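Trainee: Before we start, here is the structure in question, set down as structure tokens.
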Amino acid sequence: MPLHPESHYTLTDALAWGEQDHNELIYGIPFDLKIPLRIHQEIRGSLGIQFYNYAEGKACEVYCVPLAVRPFERDGDRPENVDTLVEPDITVVCDLSKLDDIGCRGAPDLVVEILSPWTHRHDRFTKFNLYQKAGVREYWIVDPDNKCVQVFVLTDGYYKAADFGEAGDKLSVNVLDDCVINLSRVFSE
């Protein structure tokens, strides 16, 4: 489906798009999601396994596949009124009442974005500000080129840099009790 930049799109439109149309919506503006590089997939898998292992038997769900996150949607909102839909690389939701057949309604607890050559600015600025405004409690930005992770925690409505890790380091997840991610399993040293 050809998209027109001057149009304002909503969840209603996104639900009608075919599987070949892979877009995010940010305030009604579509952003084309390109096929991720292999290293992107490897990092997502390595991180995902650690998050999955942590969540086993706990009241949190981990998604390492495209999950339709509508961070500003609230109970009673109609699809034609929802104009923001993103698909983070990893999404952790501990309030299971936010999950529905489409994905996640409202802000997840933790979001991980893995930078690609074409998403650096989008992930570091557009999504950073969107997740902050939506109330995502913790945001990780993973940089495959520099083999590092930046961790931001929502404090008084704004993200504060909480941690930084490189290959060989271990990072504690601030919003998940006793969850530690071993970056030596994510990046080769």
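The values are calculated or read from the model by the stated rules, or taken from the named source; none is laboratory data. Note that the coordinates shown come from a computational prediction; the quantities given were computed from them, not determined experimentally. Quick reminder, even Gly has a Cβ in these numbers, built from the backbone with ideal geometry, and neighbours come from all protein chains shown.
Trainee: Any residue in segment 2-17 that is in contact with an Asp or Glu (Cβ under 7 Å, 6 or more places away or on another chain) and within 17 Å of Gly135 (Cα to Cα)?
Mentor: No, that holds for no residue.
Trainee: I want to confirm something. Restricting to segment 1-55 and keeping residues that are assigned to a loop (DSSP other than H, G, I, E, B) and among the hydroxyl-bearing types (Ser, Thr, Tyr), which single residue is modelled with the lowest pLDDT?
Mentor: Ranking the qualifying residues of segment 1-55, first place goes to Ser7.
Trainee: Further question on the same structure: Return only the number of the condition from (1) touching a Leu at 6+ places or on another chain (Cβ under 9 Å); (2) at pLDDT below 95 that Leu183 does not satisfy.
Mentor: (2)
Trainee: Further question on the same structure: Among the residues of segment 83-111, write down those that are under 16 Å from Val142 (Cα atoms) and touching a Cys at 6+ places or on another chain (Cβ under 9 Å).
Mentor: Asp89, Ile90, Thr91, Val92, Leu110
Trainee: Moving on. In this structure, does Val153 turn out to be assigned to a strand (DSSP E or B), at pLDDT 95 or above and within 15 Å of Arg70 (Cα to Cα)?
Mentor: no
Trainee: Something else about it: Being among the hydrophobic types (A, V, I, L, M, F, W, C) and at pLDDT below 95 narrows it down to one of Ile90, Ile102, so name that one.
Mentor: Answer to the selection: Ile102.
Trainee: Related question: Looking only at segment 156-175, count every residue that is more than 18 Å from Arg124 (Cβ to Cβ) and of a type in the set (Asp, Glu) and tell me the total.
Mentor: 2
Trainee: Taking segment 150-170, which residues are buried (at least 16 other Cβ atoms within 10 Å of the Cβ) and either of a type in the set (Ser, Thr, Tyr) or under 14 Å from Gly48 (Cα atoms) (or both)?
Mentor: Within segment 150-170, Tyr159 is the sole residue that qualifies.
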